[in-house]
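What follows is a set of notes on a single structure, which appears directly below.
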Amino acid sequence: WDNADFSRGVGTTFYQEFSTLNTAKPPFVRDVEAKVRRYLRSSYSAAWTLKITWEKAPVYTARTDTRKTITYQAVLTTDGFRSYILMLFQDGGMQWDYTRLPSTNVLIGYT
C-alpha cells in the first residue's frame, strides 16, 4: 500500500477491528461474510475482521500535486483457519495516473 503520500496533510488513514468469535456480528462483518460466501461459494463465519481505509489519499509525490486523491479499503478477515482479503476502491476504480509514478512496475492488489 505504498505510493500514497500524506506528507502535505491531505487525506487520512484509519482502521477498525472486529473480534467476533463469541459476540454478535455487526452489519459490516455480516456483509464481509456474505461476500466471501458469494465469491467463493463456500460457508464462512468470521472470527476476526480488520477494515483499513485510506481516505482521499494523494498519490506520491504529493508535494507536486494533491488534487488527485483516491479512497480505498483493505478488509482482512479470518475464521481461524482460512483468511481472505477484500480490496475495495471508490466508484470508478483507481484514479491515480500510474504513468507519472517513479516506479514502472505498478500493481493494484496484493502478493
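Values quoted throughout were computed directly from the atomic coordinates according to the rules given, and no laboratory measurement underlies them. What you see is a predicted model; the values in this text were computed from it and never measured. With ideal geometry, Cβ positions are generated from the backbone for all residues, glycine too; neighbour counts draw on all protein chains shown.
Some observations on this one:
- Length-normalised contact order for segment 12-100 - Cα pairs under 8 Å, 6+ apart - percent: 25
- Interatomic Cα distance distribution for segment 12-100, bins of 10 angstrom, percent: 16, 40, 25, 15, 4
- The packing ranking of peptides 40-50, 70-80, highest mean first, is 70-80, 40-50, where packing means the average number of other beta carbon atoms within 10 angstrom of each residue.
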